[in-house]
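A short worksheet on the structure shown next.
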Amino acid sequence: MTNPIKKLPKTIKTERLEMRQLDVTPDNAKIVFEAVKNENPADFYYNQICNNSAVPSNADEILKQMQIEYQWASDNGINLYIFHNGKLIGYRRLFFHDGATKTLQMATVWLVRSAWGHGFARETSDAIEKIAFETLGANRITRQCSVDNVRSANSIRSSGFHLDGIARQGGVYPDNKLYDNMIWSKLKSEYNK
C-alpha cells in the first residue's frame, strides 16, 4: 500500500504561504542557499541546516544536505519548503507512519530569522493538521523539540498539543551534543473539538 503522504500535492497553499516539495537539483539548492547564506548560524542551532554551527558556504553543500534529507524522508515522509511572496523562508519535514496508530510526525521546522514572529510556523502547522486529519486519515500528530527550545515549545503548546513526556538524551544537535527531547501529540478527537 502506498503511504498516503506520498499522494499530497507538490504545492500546498495557505493564506500567505506556499509549501512546496522541491526536487533535489542544483537549481533548487541555489534557492535554499540564497535564503540562508547571510543568516546567523546561531539562529539554526536547533536543526540540520547548519553543520558544525556554520551556515553552508555554497549551494553544493546545500545540495548534499538536501540529498541526505531526501533519503531520510524517502520511504514514509516528505520535505516541504516554505515560500512567502515567492521567497524561500523555511522548511518542514513530515513523516506518516501508516500502521495501527496512523501517526503523522511533524519532524523538523526552520525559518529564516526575518520570518520569525509572523505566525508562519503556526500557519503551516494548522494547514498540515487539517490535511493530516481530514485527508490522510491520521489519528495522531506528534511533534518534538528540545527542552531548551522555548520558542518551539511555546508554539507547539499554543497549537493545542499535549506534552506526552521527555525523552532523556533523545535528540542530537548538529554539533553532536545530546539533548533532552520533549514529545508532544494531538489526537483527531482533540482536533475535532
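Whole-percent P(r), the chain, all Cα pairs, 5 Å bins from 0: 1, 7, 16, 20, 22, 18, 11, 4, 1, 0.
Dipole of the chain computed with +1 at Lys/Arg Cβ and -1 at Asp/Glu Cβ about the Cα centre; of ASN85, LEU187, ALA59, farthest Cα towards the positive end is LEU187. Taking other residues whose beta carbon is less than 11 angstrom from the beta carbon of LEU136, and scoring Lys, Arg as +1 and Asp, Glu as -1, yields +2. Taking the number of Cβ atoms within 10 Å of each Cβ as an exposure proxy, the fewest-first ranking of GLU190, GLU123, GLU129 is GLU190, GLU123, GLU129. When the chain is treated as a GNM with alpha-carbon contacts under 10 Å, the residue of GLY160, GLY86, GLY77 showing the greatest mean-square fluctuation is GLY86. Charges only on Cβ, +1 for Lys and Arg, -1 for Asp and Glu: so what's the dipole of the stretch 67-169 about the Cα centre, in debye to the nearest 20? Once rounded to the nearest 20, the dipole reads 280 debye. Oblate is the label for the stretch 64-105. Its Cα gyration tensor axes, ordered a ≥ b ≥ c, give a/c of at least 1.5 and b/c at or above a/b. Net charge of the neighbourhood of PHE120, taken over other residues with C-beta under 13 Å away and scored Lys/Arg +1, Asp/Glu -1, is +2.
Computed from the coordinates by the stated procedures, all read-outs in this text should not be read as laboratory data. All of these numbers come straight from a predicted model, not from anything done at the bench. Virtual Cβ from ideal backbone geometry, glycine too; neighbours counted across all protein chains shown.
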